[in-house]
C-alpha cells in the first residue's frame, strides 16, 4: 500500500507543473507588421490600456508621424498604415512644419471613411497622441485639413496618406 508521505509530494509536484504550463500559455505574445513606409510596432496585449480598452486578441499598432510642410515623415504625402479590424491604432503626431505653419491628422467622411478621427492643429514642436479602434475594413486616406484663405489646401498640395484596415 502507498503511504500518504509518498502520494502528497507527488500530487504537489504535478499541480505545480500543471500551474506553470497554464501560466506560461497565458503570457503576452509579440509580433510585428511592416507597412510599406513605416515601422509601427504591433503587439498583442493582456493588460488593459486607457480608453479604448484592447481585447485579448486585439493588437496595438503604434507609430509616429512627423507633420512636415505638405507631408508626413519627411515625404510628400504620407506613409501607408496597415492594421487589422479590431486593432487599436495609436499615432503619436509631432508638429514639424516650418515657420508658423500648423498641420493636423484627419480621417473622416471626406477620406472617405466611416471614421471620425481628428487631431488638434499642431505647430512645430507640439505633440499629440491619438487612438482609435480599427472597426471598419477598407482602404482610406488620412490627410491634413489645413486650408489657407487663398490657394491650395495642404491636402491639395499632397499631404495625405493611406490607411489600410484588413479583415481578420
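Here are the numbers for the structure shown:
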{"read-out": "Pair list, Cβ < 9 Å and 6+ apart or interchain, from the range 85-113 residues that are at positive phi and at pLDDT 95 or above to residues that are crowded, with 16+ Cβ neighbours inside 10 Å and not in a loop (DSSP other than H, G, I, E, B)", "value": "86/59; 86/133"}
{"read-out": "Among (1) assigned to a loop (DSSP other than H, G, I, E, B); (2) closer than 19 Å to residue 79 by Cβ, the one test that residue 109 misses", "value": "(2)"}
{"read-out": "Output for the range 144-168, where each listed residue is in contact (Cβ under 8 Å) with a residue 60 or more places away in the chain and either part of a strand (DSSP E or B) or more than 16 Å from residue 68 (Cβ to Cβ) (or both)", "value": "160, 161, 162, 163, 164, 165, 166, 167, 168"}
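The values are calculated or read from the model by the stated rules, or taken from the named source; none is laboratory data. Remember, it's a predicted structure, so these values are computed and weren't measured experimentally. So basically every Cβ, Gly included, is an ideal-geometry build from the backbone, and we count neighbours across all protein chains shown.
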